[in-house]
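Below: the structure, in structure tokens.
Just so it is clear, none of the values below were taken in a lab; they were calculated from the coordinates. Just so it is clear, the structure is predicted and the values come from calculations on it, not from any experiment. Quick reminder, even Gly has a Cβ in these numbers, built from the backbone with ideal geometry, and neighbours come from all protein chains shown.
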Number of protein chains: 2
Amino acid sequence: MERGEQLSGWLRERLGYEPRNPALFHTALTHRSAGSPNNERLELLGDAVLGLIVVQYLYERFDSADEGSLSRLRAHIVSGASLAQIAASLALGQWLVLGAGELKTGGDRRESILANALEALCGALYLDGGLPAAREVMLRALGPALERLELPVELKDAKTRLQELLQARGLSLPRYRIVAVEGALHAQVFRVTCEVEPLSMRATASGSSRRRAEQAAAALVLARLPPWG
Amino acid sequence: MERGEQLSGWLRERLGYEPRNPALFHTALTHRSAGSPNNERLELLGDAVLGLIVVQYLYERFDSADEGSLSRLRAHIVSGASLAQIAASLALGQWLVLGAGELKTGGDRRESILANALEALCGALYLDGGLPAAREVMLRALGPALERLELPVELKDAKTRLQELLQARGLSLPRYRIVAVEGALHAQVFRVTCEVEPLSMRATASGSSRRRAEQAAAALVLARLPPWG
């Protein structure tokens, strides 16, 4: 069987993607040591595509995380080490086209070469099938890495932490109620109560938005929780 | 008229975009100094969207530039100074929602605040209308900045430089011909001739691909051109 067909077979079986233009994927897997055209331009494009896919995923999944936390999670997922690991799990190295020198020195297992090829592959998916195709394939490939992701405890907001602590003990969830809205339309102050019925706990706090007031009230309850453990 | 309607009018008239969810655009234009929700998360998303739009544009327009040149051009276009200038040209500052302190100190004209709001706007466009909508609006807004872009002469490839020099003198374009292809399938060497008929010039060069051989032949002709000026 010809290389082009084999490569298409791998894309179909390992990535669930049927390429329209297999030559594009051949280029995506050609390292510059093998001459021109190679995957350097596709890598630049794929880096941008992957960046968007990952940021949107994080944006939607961690809907109360601030941009600093999202940015740190993104950096972790698209790091060279993380991408190389994913490339290895797809057995991408066997499809790399390398110059003789790189081949001799194990370039098909080098982290940067694998990570860059995965980005170039993402660029090829984008050009070949559009953003939805690239997103579907890449999120599936990133799946295990994404599932392991968790906001570090200190980055979780108070409402999330309180909810998780109560759930872990089988207690019913806290209830938030607005008890007052004061001030002019553009300088409103919200007063909100957070109540944890099974513990007979209640705290009231204020904030410049409903969400801020709820977070502040949850933080007060958290601070007063009995020492479990 | 209510602010929401006025904002929608501005989006329609200045950006040619009809928002489905105007509240998203209100958030995109709300600086963190004005409380929460603000535009910080949308800015992170929009930065990734804009990055992809600009990289794809450069990838398609400069189809013989290497990734280093493309990367430098991208950095130039998405720099804070460049984005702030574009935001100012759209009169975006008037729609910013700022805290009292920022308002007093001229925050609506501060470069970083304008640039970040433009990125957040791009994020809102993406969530509201998808990548095609964001691309259309942003490329139109970036238009003048993109038109001024030129690959620095030293970054242009030899074929492009030769073609531009000949065109500037009204001479017909060079002709490239493959004169030999030698070697095994995976180690082929191409020999190509570049001929400039009106100057009776011809050069032959080799390369590991047709394109490389053409570039090398063009470079030889360039080096031998008479000193025009």
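Taking A:E164 in one copy and the same position in all the others, each labelled 7 Å out along Cα→Cβ, what are the pairwise distances from the first, in nm, shortest first?
Here A:E164 shows inter-copy label distances of 5.5 nm.
Using the Kirkwood radius over Cα pairs, work out the Stokes-Einstein diffusion coefficient for the protein assembly as shown at 4 °C and 1.567 mPa s, in µm²/s as a whole number. Can you show the working numbers first?
On the way: Rh = 25.8 Å.
In µm²/s, the coefficient is 50.
For B:I86, A:I53, which order do you get if you count the other beta carbons within 10 Å of each Cβ and list the fewest first?
Numbers: B:I86 19, A:I53 24.
In order of increasing Cβ crowding within 10 Å: B:I86, A:I53.
Take the Cα gyration tensor of chain A, multiply each eigenvalue by 5, square-root it, and list the three semi-axes largest first, rounded to whole angstrom.
The three semi-axes for chain A are 49, 18, 15 Å.
Counting trypsin sites (Lys or Arg not before Pro) as exposed when in a DSSP loop with at most 15 other beta carbons within 10 Å, what is the longest stretch of chain A free of them?
Working: sites that count: A:R20, A:R169.
So the longest stretch without any such site is A:21-168.
How many nm is it between the label spots at A:S206 and B:V181, if each spot is 7 Å from the Cα in line with the beta carbon?
About 7.9 nm separates the two model spin labels.
Any number yet on Rg/Rh for the stretch A:58-109, C-alpha, Kirkwood? Write out the running numbers ahead of the final one.
On the way: Rg = 16.3 Å, Rh = 13.3 Å.
That ratio equals 1.23.
Calculated from DSSP H runs of 4 or more alone, at -39500 (n - 2.57) each and per residue, what is the 222 nm mean residue ellipticity of chain A, nearest 500? Kindly include the intermediate steps, with their values, before the conclusion.
Details: 9 runs with 132 residues, N = 229.
-19000 deg cm²/dmol, from helical runs alone.
Would you work out the relative contact order for the stretch B:8-65, in percent, from Cα pairs under 8 angstrom that are 6 or more residues apart?
It comes to 16 percent, rounded to a whole number.
Describe numerically, in nm with one decimal, the distance between label points set 7 Å from Cα along Cα→Cβ at A:R72 and at B:A75.
Going from the A:R72 label point to the B:A75 one covers 2.7 nm.
Looking at chain A, identify the longest residue range that excludes and avoids all GluC sites (Glu not before Pro) in DSSP loops having at most 10 other Cβ atoms within 10 Å. Can you show the working numbers first?
On the way: sites that count: A:E2, A:E150.
With a cap of 10 other Cβ atoms within 10 Å, the longest stretch comes to A:3-149.
Let me test this: with uniform point scatterers at the alpha carbons of the stretch A:157-224, what is the Debye-based log₁₀ I(q)/I(0) at q = 0.11, 0.12, 0.18, 0.19 1/Å?
So the normalised log intensities are -0.25, -0.29, -0.60, -0.65.
Taking a point 7 Å out from Cα toward Cβ as the label site, list the nm distances between A:Q188 and the same residue in every other copy, smallest first.
Label point to label point, same position, other copies: 6.9 nm.
D for the stretch B:1-77, whole µm²/s, Stokes-Einstein with Kirkwood Rh over alpha-carbon pairs at 4 °C and 1.567 mPa s: what number? Write out the running numbers ahead of the final one.
Numbers: Rh = 14.8 Å.
Using the Kirkwood radius from Cα pairs, D works out to 88 µm²/s.
Between copies, how close do the B:L222 label points come, placed 7 Å along Cα→Cβ, listed in nm from shortest?
Listed shortest first, these distances are 6.0 nm.
State, in angstrom, two size descriptors of the stretch A:58-189 derived from its alpha carbons: Rg to one decimal place and Dmax to the nearest whole number.
Cα-based Rg and Dmax for the stretch A:58-189 come out at 21.8, 73 Å.
Net charge around B:L118, counting only other residues with Cβ within less than 15 Å of its Cβ (Lys, Arg = +1; Asp, Glu = -1)? Walk me through the numbers on the way to the answer.
Numbers: positive: B:R14, B:R109, B:R110, B:R135, B:R140; negative: B:E40, B:E43, B:D47, B:D108, B:E111, B:E119.
Its environment carries a net charge of -1.
GNM, chain B, Cα, under 10 Å: largest mean-square fluctuation among B:A100, B:A117, B:A218?
Of the options given, B:A100 has the highest mean-square fluctuation.
Relative to the first principal axis of the alpha-carbon coordinates of chain B, what is the inclination of helix B:40-61, with its axis defined by its Cα atoms, in degrees from 0 to 90 and to the nearest 10?
So the inclination is approximately 20 degrees.
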